[in-house]
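Visitor: Got a structure here, written out as structure tokens. Questions coming.
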Number of protein chains: 2
Amino acid sequence: MKTPKISEAVVRRLPVYLRYLQELQELHIRTVSSYELGQKLDMNPAQIRKDLAYFGEFGRKGIGYEVNYLVEKIKQILKIDRHLNCALIGAGHLGIALSNYNRFTQEKLSIAAIFDNAPDKVGTSVGTLTIQPLDELEQMVRERDILIGIITVPATEAQKVADRLVEAGVKGILNFAPVSLRVPTHVSVRNADLTTELQTLAYYID
Amino acid sequence: MKTPKISEAVVRRLPVYLRYLQELQELHIRTVSSYELGQKLDMNPAQIRKDLAYFGEFGRKGIGYEVNYLVEKIKQILKIDRHLNCALIGAGHLGIALSNYNRFTQEKLSIAAIFDNAPDKVGTSVGTLTIQPLDELEQMVRERDILIGIITVPATEAQKVADRLVEAGVKGILNFAPVSLRVPTHVSVRNADLTTELQTLAYYID
DNA sequence: TAGATTGTTAATCGATTAACAATC
DNA sequence: TAGATTGTTAATCGATTAACAATC
């Protein structure tokens, strides 16, 4: 897979294509054109073709894209065709919600450990997992080959947790805490802060 | 407030500035330069100055920006200086998590009603609210002046809920369901789909 | 005053869109 | 074949960054 230099904008659109293509799969639709995709996703067809063409020639001129094939290709590109273990740090309401949410949607991206320091939470089960104390973070990351940390602790703790995740060897962080994390360049961070989203939305009201 | 044509990229950065400025407020720091902000947020200082300058002249040459003043200004720009009522549709784990999360962070952006159709949930309390059946959505949106809908129902239900929210007069939707919603242009949608975020993150692993 | 830092213009860089030859 | 649709190049558009006069 030759990746000349793909912009984040392109990468962010791939999961959106994938999601819709999977809907088409369920409807047993075999083929789709960039025009149809563009109509449904409210995007420019040229952009869709260009995005996909960064990674290879997946379509057929005069025909369009074969849905099943494109689904597999996008999964490969995103590297979600293989297992990827995540650790969840912070077993509050949001953490529990995510660990459930996760279970029945993407079995390839799975939560392999949950941590919290509250004494009344440690030892409690969440699905098939048991909440562990934060002390055990580093050990578990290594033992269970965890590559992604999902941070759902309070803002004041988030940087400390991020530092420990980085130190333990995690490659990516999904951060739900409302702070800008500082991490080395070899670690990717994505922010999923609800407050920020709501505030952005407020701007567009009226 | 003259707003020539502000790009979404600019609007998305304002809450990030705000968040850090509020941290500075707590530390009783009175003044900050675009250079310092840039250092901390890992952004170009010229960009920060330009972003802010779209909305007015908030700084002082040779000095920088007065923290308290800038916080107030950004709140005004984002329109979070006034109350804004949201409705939450879907009282699953994620919905409950959000309604709690929300309570103690942003009192100006508050959840004013929670809906779910599951018979075992209707009538149950969540904080000070009682879960209501979806039938009552339109009525509540009107009665309680709800301008934003937060969708945390399953993907299959999300478009139906969005249609009803739009019909009831909501101006913005924060969508947690993994589907691309279709709404009229006068309604803003922001997507906060965890799966999409995780998949994007996976691309950057290794 | 001298040093610092803004607001803004101009230069650069990158992303989106249009157009079309290639071809199924 | 004729119509459709890709992959890709070129044109456009927009966003970021650099530079600097204005000025606190």
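Visitor: Compute the distance from the alpha-carbon center of the range B:1-43 to that of the range A:6-83, in whole Å.
Guide: Here the answer is 36 Å between Cα centres.
Visitor: Can you list the distances in nanometres, one decimal and ascending, from the A:Asn68 label point to the identical position in each other copy, with the point 7 Å along Cα to Cβ?
Guide: Relative to the other copies, A:Asn68 has label-point distances of 6.7 nm.
Visitor: Assume the label is 7 Å from Cα along Cα to beta carbon: what separations in nm does B:Arg82 have to the matching positions in the other copies?
Guide: Result for B:Arg82, in nm, nearest copy first: 5.4.
Visitor: If you don't mind, there's one more thing I want to ask. Does anyone have the angle between helix A:8-26 and the longest principal axis of chain A? Alpha-carbon axes, 0 to 90°, nearest 10?
Guide: For A:8-26 against chain A, the angle is about 70 degrees.
Visitor: Just the number please: accessible area per residue for the protein assembly as shown, 1.4 Å probe, all protein chains included, in Å².
Guide: Averaged over the residues of the protein assembly as shown, the accessible area is 49 Å².
Visitor: Using only C-alpha atoms and all pairs of different ones, pull out the Kirkwood radius for the range A:1-78 in Å with one decimal.
Guide: So the Kirkwood estimate lands at 12.5 Å.
Visitor: Related question: Using protein chains only and a probe of 1.4 angstrom, how many square angstrom of A:Asp120 are accessible, to the nearest 10?
Guide: Number for this one is 120 Å².
Visitor: Given the convex hull of the Cα atoms of the protein assembly as shown, what is a quarter of its surface area in nm²?
Guide: Value for the protein assembly as shown: 21.7 nm².
Visitor: Is there a simple number for the mean count of other chain Cβ atoms within 10 Å of the Cβ of residues in B:187-197, and what is it?
Guide: Mean shielding count: 6.
Visitor: Can you work out which chain A residue has the shortest Cβ-to-axis distance for the rotation that carries A onto B, and give it in Å?
Guide: Rotation axis A onto B, closest Cβ, rounded to whole Å: A:Ala97, 2.
Visitor: Beyond 20 Å, what percent of the Cα pairs of the range B:84-198 remain?
Guide: On the way: 2236 of 6555 pairs.
Looking at the range B:84-198, the distances longer than 20 Å represent 34 percent of pairs.
Visitor: Ordering B:Arg182, B:Arg30 from largest to smallest accessible area (1.4 angstrom probe), what's the sequence?
Guide: The ranking, largest first, comes out as B:Arg30, B:Arg182.
Visitor: Pick out which of B:Ser99, B:Ser180, B:Ser110 has the largest mean-square fluctuation in a Gaussian network model of chain B, springs linking Cα atoms closer than 10 Å.
Guide: The residue with the greatest mean-square fluctuation here is B:Ser180.
Visitor: Compute the Rg to Rh ratio over chain B from the alpha carbon atoms, using the Kirkwood formula for Rh, and round to two decimal places.
Guide: Radius of gyration relative to Kirkwood radius: 1.02.
Visitor: Taking the full set of protein chains and a 1.4 angstrom probe, give the accessible area of B:Glu167 in square angstrom, rounded to the nearest 10.
Guide: Probe radius 1.4 Å; accessible area of B:Glu167 about 140 Å².
Visitor: Report, to the nearest 10°, how far helix A:93-103 tilts away from the longest principal axis of the Cα atoms in chain A, using its own Cα long axis and a range of 0 to 90°.
Guide: That helix lies at roughly 50 degrees to the long axis.
Visitor: Please determine, in degrees from 0 to 90 and to the nearest 10, the orientation of helix B:194-203 with respect to the longest principal axis defined by the Cα atoms of chain B, where the helix direction is its Cα long axis.
Guide: Roughly 50 degrees between the two axes.
Visitor: Now a separate question. Out of the total accessible area of chain B (probe 1.4 Å, heavy atoms of protein only), what percent is carbon and sulfur?
Guide: 50
Visitor: Chains A and B: what accessible area do they bury, summed, in square angstrom to the nearest 100, with a 1.4 Å probe?
Guide: 5600
Visitor: With a 10 Å cut-off between alpha carbons and a GNM built on chain A, which of A:Leu78, A:Leu41, A:Leu70 moves the most?
Guide: A:Leu41
Visitor: Residue by residue through the range A:81-87, which ³J(HN,Hα) values in whole Hz follow from phi under the Karplus form 6.51 cos²θ - 1.76 cosθ + 1.60 (θ = phi - 60°), with glycine and proline marked x?
Guide: These are the phi-based 3J(HN,Hα) values: 8, 10, 5, 9, 8, 10, 10 Hz.
The values are calculated or read from the model by the stated rules, or taken from the named source; none is laboratory data. This is a predicted model, so every value here is computed, not measured. Virtual Cβ from ideal backbone geometry, glycine too; neighbours counted across all protein chains shown. Calculation scope for accessible area: heavy atoms of the full protein, side chains included, ligands and nucleic acids excluded. Shrake-Rupley method; radii C 1.70, N 1.55, O 1.52, S 1.80 Å.
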